[in-house]
1. Please work out which residue is farthest from the chain's Cα centre (by Cα), limiting yourself to the stretch 1-55 and to residues that are in a strand (DSSP E or B) and of a type in the set (Asp, Glu).
2. Evaluate the stretch 66-85: report whether one residue or more is of a type in the set (A, V, I, L, M, F, W, C), crowded, with 20+ Cβ neighbours inside 10 Å, over 27 Å from Thr168 (Cβ atoms) and at pLDDT 95 or above.
3. With a cut-off of at least 1 residues that are under 30 Å from Ile314 (Cα atoms), name the strands (runs of 3 or more DSSP E) lying wholly within the stretch 153-270.
4. Examine the stretch 324-340 for a residue that is within 24 Å of Tyr181 (Cα to Cα) and either among the basic types (Lys, Arg) or over 27 Å from the mean Cα position of the chain (by Cα) (or both), and state whether such a residue exists.
5. Regarding Gly285, is this residue at pLDDT below 95 and surrounded by 21 or more Cβ atoms within 10 Å (Cβ to Cβ)?
6. Run down Lys95, Lys133 and say which single residue is closer than 30 Å to Glu383 by Cα, in contact (Cβ under 8 Å) with a residue 40 or more places away in the chain, charged (D, E, K, R) and part of a loop (DSSP other than H, G, I, E, B).
7. How about the stretch 275-290: which of its residues are touching a strand residue (DSSP E or B) at 6+ places or on another chain (Cβ under 6 Å), within 17 Å of Arg42 (Cβ to Cβ) and not small (Gly, Ala, Ser)?
8. So the check is Cβ under 6 Å with 6+ separation or different chains; which pairs have a first residue in the stretch 302-323 that's among the hydroxyl-bearing types (Ser, Thr, Tyr) and a second one that's part of a helix (DSSP H, G or I)?
Amino acid sequence: MHVPVAIIGSGPAGLLLSHLLYVRGIESIILERKDRAYVEGRIRAGVLEMGLVGLMEKIGVADRMHREGMIHEGIYISINGKRHHIDLKELTGGKTVMVYGQTEVTKDLIAARLRQGGEIVFGAEDASLHDIKSNRPYVRYVQNGKECTLSCDYIAACDGFHGVGRQTMPENILKTFERVYPFGWLGILAHAKPVTDELIYASHDRGFALCSMRSDHVVRHYVQVPSSDRIEDWSDDRFWNELRTRLGEEDAALVNEGEVFEKSIAPLRSFVAEPMQHGRLFLAGDAAHIVPPTGAKGLNLAASDVHYLSEALIARFMDNHDELLDRYSDTALARVWKAERFSWWMTSMLHTFDDHDAFDGRIRRAELDYMMSSRAGKTTLAENYVGLPY
């Protein structure tokens, strides 16, 4: 079987790419090693830049997002219990963000793709990519115990950090850059009313905390924990008490407890792989880069990759132009590294690194104090938070 574009991975990146190609009449098939229930159940980010919102509108899959999502015009920064407001809309000339869970984005994209007759092969295990330097690469995979082969013109690896896409890149071609942070985020989902109308990013001597939401009755909260901590170390009561402490006395009174129905610890790292293409293989999303979640850039970076890659593939198939495909990696990486810088900056500024009395700790506090006292500093944060232009 042959298809113009084989897409590995049915996360938002792969699904968005398939949709963007579909609206221009370009066929693709998505191969996903997990089943549909697993893919739709993965808990991920929930802050969407307007660029991603625009892509959802462009492919006609934005109705539920606009109906259930929440437009946020600002965020709060809390410093040892004192809360400050960052007016994103005013500082950026009208730009905002949308709070809508990545899980819901994925559900919407899968439902729409299947409704259109698009093919998503769930349970496609042991995928391997072949002849990526030739004009006719192909993918081998196993489904229901049967080995299958899919030939194509191009392969888009949207298969995450541990996927086969990046592993197929030649070692002498690929360069990786990484920073692993000495802490993680303990996150919960709970049935409760949000603390405030917008997200609170809290920097406290005991560590970072974040109060977020998925709806007006489901909250997503996080606290910074040592990398060695385990879920078993954290009872629900301990979590709620620690969250209140890091918010400070005034905001602690606003915390609404509720049934915790999901709890996990996520490590934090910054990672970039270069280049994002080789031959007929193209990487997008977590296959090529990871950001700490502090800047809310992971899902949004995947969307910008897909924007560039879809435009390049459309130019190739519709106009027989290769220039955008040839420049895809350089174009995508220019935006990736700016988002990596912003996510590193936010993480460094808001978290503790066990050096409260050391020079670096004082510098981080001075950086935060300057940012909050300067319109230029706040504007820098706001411009990056709402998303740099594609």
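The values are calculated or read from the model by the stated rules, or taken from the named source; none is laboratory data. Keep in mind that this is a model prediction, so the values were computed, not measured. All Cβ positions, glycine included, derive from the backbone under ideal geometry; neighbour counts span all protein chains shown.
1. Glu32
2. Checking the stretch 66-85: at least one residue is of a type in the set (A, V, I, L, M, F, W, C), crowded, with 20+ Cβ neighbours inside 10 Å, over 27 Å from Thr168 (Cβ atoms) and at pLDDT 95 or above.
3. 175-191
4. Looking for residues that are within 24 Å of Tyr181 (Cα to Cα) and either among the basic types (Lys, Arg) or over 27 Å from the mean Cα position of the chain (by Cα) (or both), one finds at least one in the stretch 324-340, hence yes.
5. When the stated conditions are applied, Gly285 does not pass them.
6. Exactly one of Lys95, Lys133 is closer than 30 Å to Glu383 by Cα, in contact (Cβ under 8 Å) with a residue 40 or more places away in the chain, charged (D, E, K, R) and part of a loop (DSSP other than H, G, I, E, B), namely Lys95.
7. Ile290
8. Final answer for the pair search is Ser304/Arg335; Tyr308/Tyr328; Tyr308/Thr331; Tyr308/Ala332; Ser310/Leu17; Ser310/Leu20.
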